[in-house]
Each structure stands twice: as structure tokens, then as C-alpha cells.
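Read the structure below first, then the notes.
The values are calculated or read from the model by the stated rules, or taken from the named source; none is laboratory data. Bear in mind the structure is a predicted one, so any value in this text is a computation, not a measurement. Cβ sites come from the backbone with ideal geometry, for glycine too, and all protein chains shown count toward neighbours. The accessibility values were calculated without ligands, DNA or RNA, using every heavy atom of the protein model including side chains. Shrake-Rupley method; radii C 1.70, N 1.55, O 1.52, S 1.80 Å.
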Amino acid sequence: MFPARREQRFHALKQEWGFKKFISKKDVTNPSNGFIVDDKCVFGAEVFVNKNTECLSLKSVDNYKYKQEFKISNFSTLKAKWVSEKFTVGGHQWLINVYPNGNGKETGRSLSIFVRRVDSNNRTCSERVMPRYTIRIKDQSNNLKHHQYTGSGIWFSASTSDNWGWPSFIKLSSLNDPNKGFIVNDCCVIEIELAVLAISS
């Protein structure tokens, strides 16, 4: 009969919350329900304060974007994974993990690429970050048919296991095809564009 309890946030612009249809007049005035006794009705309220508030800050992409090209030499000799140098976008640190021979179920079938957030600063570690990122393997021969994917809409925390990307970014058969220009002189060129869209703390 009563509305389900749900969390509401009070602030300077929203100082009042309630229910437009809390209970029908018919139910209140029905003597068998016991809401009115001796022409008196008693109201009660329970208020719970949640101090774990979250502040969302939307960022201007123009001020929080990054583009960098990484050249991976001696590509055929890489055994496990290649890790990029760290780079900073929107006050947070990031890197790219590349598995030349695949990762997990894609081992031996695809090249795997993941973006990882690696903040170590105590202040930034407590924040969650939503980026939009595009990773591409560049066509070094024709400079036209780059292979790329874009990811967005995911919150990154500073967790050590916080990797997002593509286990099957590109099939090894396509990557190693000399006609496609992805590997030239045993060098693979990877480019990332990353923009921070929002920060939550």
C-alpha cells in the first residue's frame, strides 16, 4: 500500500521531496484500515543520511584530450606483452597493454589491446573516470586503411584489474598480411586518442 523507499538527494536547488500520490483518500477514510481514529491521523517519517555522496564533474573534451603514436620495433620478437609509456590525460595516468599473440581465449588467434588507468596519487585514485578512446593499428604502406575501434561509456577506477579493450582487436592472419601494411620492417605503429568526458568523486 505504501510507496517503496528510494534514495533522494537534497541540495540547494531541491530542498523538498515527497509523493504526489502517497495514499488514496478512500483508503485513509476507510474505518477498517485504522488510519483515522477519533478523528485523528498520525504521520511518521524515518530519515536516513547517506554520507557517501558522489560528485560528478563533466569535462570539456578540448581541454582533456590526448593523441599519441607508439612505434613497436622488433615486433616479431615480443613474447608476452608490450606496455606503452605512461601518459596523462585530465590529471589521470594511463597506459596501453598490447598482447602481440593474443590474451586469454584469443591467444594464438588475435592481437589483444587494452587501455589501463594507473593512477598512484591518493587524490586521483579515489576518483572514477569516464573516457572515450580510439585505438588504431596504422596502415604504414597505404596510410588509408587503418584498423581501429572506439570505446566509451565505461567508468575506470584505479583498480589494478581495471583494463578495458578488445581481446580480439585484429586477427593475426590479417595483422601479418604483408599487403595490408600493418607490420613493415618488423615495426607496428599503434595510435591512441583518449579524451576524458567525466570525473566522479
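Worth pointing out:
- Whether a residue is open to solvent by 20 Å² or more (accessible area, probe 1.4 Å), touching a residue at least 40 places away in the same chain (Cβ under 8 Å) and assigned to a strand (DSSP E or B) was assessed, and residue 71 passes this test.
- Odd one out for residue 141, checked against (1) part of a loop (DSSP other than H, G, I, E, B); (2) open to solvent by less than 60 Å² (accessible area, probe 1.4 Å): (2)
- Lone qualifier among 188, 125 - being surrounded by 13 or more Cβ atoms within 10 Å (Cβ to Cβ), more than 20 Å from residue 65 (Cα to Cα) and in contact (Cβ under 8 Å) with a residue 24 or more places away in the chain: 188
- Pairs meeting the criteria (first residue in the stretch 95-114 and among the acidic types (Asp, Glu), second residue open to solvent by 10 Å² or more (accessible area, probe 1.4 Å), beta carbons under 7 Å, at least 6 apart or on different chains) are 106/167; 106/168.
- Residues in the stretch 133-185 that are among the polar types (S, T, N, Q) and within 16 Å of residue 117 (Cα to Cα): 134, 152, 157, 159, 160, 161, 163.
- Residue list for the stretch 92-111, restricted to those being open to solvent by 10 Å² or more (accessible area, probe 1.4 Å) and within 16 Å of the chain's Cα centre (by Cα): 93, 95
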